[in-house]
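Every read-out reported here was derived from the displayed coordinates using simple, explicitly stated rules and does not represent laboratory data. Because the structure is predicted, anything quoted here is derived from the model rather than measured. Because the Cβ atoms are built from the backbone with ideal geometry, glycine has one as well, and the counts that use them run over all protein chains shown.
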Amino acid sequence: MNVRLIKTWQWQSGLVYDDTFYINTYSAHTHMHTTSMHDHDHDVAYGRMEHWFQEVMQDSVMISADCAVAKAYAATGQRLLIFPDQPVDQLVGIMLCVKLNSITEGRLIITDVDLSSVHGADMLYQHNHAEAQGALSAAGWWRDAGPTWHDRTVPSRSAKVVKLRGVADWNSLDLDWQSDKRSTDSAIVFGDFDRDADK
């Protein structure tokens, strides 16, 4: 049976806006419904969402690709989420709607994301998955079904680019779908040989 759910997530992230650094506290209400008849799919989809908020969003720094200090932040090794525009609350909410639907791969459908933050004066920004996605309609890490949070490099005005550290995949996090799991069982064959047959 398919179920309609709402989950509230809270986290803190760094935010670079107009080249100024802030610490912001966010709250996001995700409205979703299940589509799979397999409980394992629901558990994995929820686990992927949990990983995204706890291991990626929490303590990350969100920054615009054209920010003058993006390269300097990337060089620190800090987890950097690079947006195609200023990472204001509305854009962060759209990113969550797109990314969460990407990583749950149709096992859960996130229909709406309602996002607010302390620096956004606790104004609630609402976004539906069927609405226009603005700057996030282009390809990017937000459309990748893996736990990726960057496109590997930071754009630079010079010829040099800064490579960002790699990320795990769902298999290594034990969050792949049951049908994707490769069996690691070793087959043992027991033979019943008749010794007298060779005589």
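Would you tally the net charge around residue 35, using a Cβ to Cβ cut-off of less than 15 Å, leaving residue 35 out, and scoring K and R as +1, D and E as -1?
Taking every other residue near residue 35 into account, the sum is -1.
Set the Förster radius R0 to 25 Å, insert the Cβ-Cβ distance between residue 55 and residue 178 as r into 1/(1 + (r/R0)^6), and round the FRET efficiency to 0.05.
Values: r = 22 Å, r/R0 = 0.88.
Result of the calculation: an efficiency of 0.70.
Jot down the per residue volume, in cubic angstrom and as a whole number, of the convex hull over the alpha-carbon atoms of the stretch 1-135. Walk me through the numbers before you get to the answer.
Numbers: hull volume 13.2 nm³, N = 135.
Value for the stretch 1-135: 98 Å³ per residue.
Could you work out how much longer the chain between residue 35 and residue 138 gets when fully extended? Use 0.36 nm per residue separation minus the Cα distance between them, nm to one decimal. Please list the in-between numbers first.
On the way: separation 103, 0.36 × 103 = 37.08 nm, distance 2.63 nm.
Once the chain is fully extended between residue 35 and residue 138, it gains 34.5 nm.
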